[in-house]
Amino acid sequence: MSGPRISYVEPQDITDPEMIEELERCAAIGTPRPESQSIRAHVPAIFFGFAKVWRDSFYEGVLDNAVKELCRIYVSHSVKCEYCGNQRSTKAQGVVEADYMDLLNFEKSERYDQRQKAALAYAEAITWDLPTDDALWERLHANFSEPELVELGFFIALTMGQQRWLRTLGIDHHQIMPGSSAGMASGLEDAERSKATRTSKDYWAKDKLA
């Protein structure tokens, strides 16, 4: 990878202490990691706007983070956004690494309960623009409240749009505020291990690599 298609705003060039604080939070917690936010930093209103809406719809809100995390990675594997798909939420309690690997086969998988499968069906319909019917909505209403459905639908749409955009930018991890492994998938904790993992035959986005 030769570098991002839109330049990073380097932390040493930022004078706003609140912006630095947000980048430090990204490095310490992850998802998002600081590279994507340093691209958004070209427009401070977008930088802070994204930070707020992401916090409100992903980390906080009425629905547990673990369900939203599975949907986030479903989108990553669907649109092949390696940058997003190689991150993990530190708040997704009960989700183990193996849970991320069967998402595109969720309906037939035994890894997910009925509530998780309903959420993933919602993500599938939004991501692939599938027709929806009464059966899907009955399934969703049986598992989630209407506020939860609003939050989840909004979040899926948000992360899908962002991931499709980030995929075009050529950004990678460990380029801004390197040294932190927070929010990184196993085997991708630093640049050296990341290179080895991404050339292995079992890497989830193997077909994207040259």
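Need one number: the % of Cα-Cα pairs in segment 1-91 sitting beyond the 23 Å mark. Intermediate results must be reported in sequence, preceding the final value.
Working: 1053 of 4095 pairs.
Of the Cα pairs, 26 percent sit more than 23 Å apart.
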How about segment 159-210: which trypsin sites (Lys or Arg not before Pro) there are in a DSSP loop, with at most 10 other Cβ atoms within 10 Å of their Cβ? 201
With the 8 Å Cα cutoff and a minimum separation of six or more residues, segment 14-178 has a relative contact order in percent of 32
Cα centroid separation, segment 102-170 to segment 1-42 (Å): 28
Report ³J(HN,Hα) in whole Hz for each residue of segment 23-30, in order, from the Karplus equation J = 6.51 cos²θ - 1.76 cosθ + 1.60 where θ = phi - 60°; Gly and Pro get x. 5, 5, 5, 4, 5, 7, 10, x
The cysteines in the chain that find no other cysteine Cβ closer than 4.7 Å to their own Cβ are 26, 71
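Would you calculate a helix-derived [θ] at 222 nm for the chain, using -39,500 (n - 2.57) for each DSSP H run of n ≥ 4 and dividing by the full residue count, to the nearest 500? Spell out each step's value before the answer.
Details: 9 runs with 106 residues, N = 210.
The per-residue figure over the chain is -15500 deg cm²/dmol.
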Lysine pairs in segment 14-178 with Cα atoms under 19 Å, if 8 or more residues apart or on separate chains: 6
Separation between the residue 137 and residue 20 pseudo-spin-labels, each 7 Å from Cα along Cα→Cβ, expressed in nm? 5.1
Each label sits 7 Å from Cα toward the beta-carbon; between residue 196 and residue 55 the label points are separated, in nm, by 3.7
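For segment 169-210, how big is the tail of P(r) above 17 Å, as a whole percent of Cα pairs? It would help to have the intermediate numbers written out before the result.
Details: 281 of 861 pairs.
Counting pairs separated by more than 17 Å, the tail of P(r) holds 33 percent.
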Could you go through segment 122-128 in sequence order and give the Karplus-derived ³J(HN,Hα) for each residue, using 6.51 cos²θ - 1.76 cosθ + 1.60 with θ = phi - 60°, rounded to whole Hz, and x for Gly and Pro? 4, 4, 4, 5, 6, 5, 9
Residues whose built amide H sits under 5 Å from the amide H of residue 184, excluding neighbours closer than 5 in sequence, are 88
Over all directions, average the projected area of the Cα convex hull of the chain and note it in nm². 11.9
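Only the coordinates and a few stated rules stand behind these numbers; no lab work does. The shown structure was predicted, so the numbers you read here are calculated from the model rather than taken from an experiment. Reconstructed Cβ throughout: ideal geometry from the backbone, glycine too, with neighbour counts over all protein chains shown.
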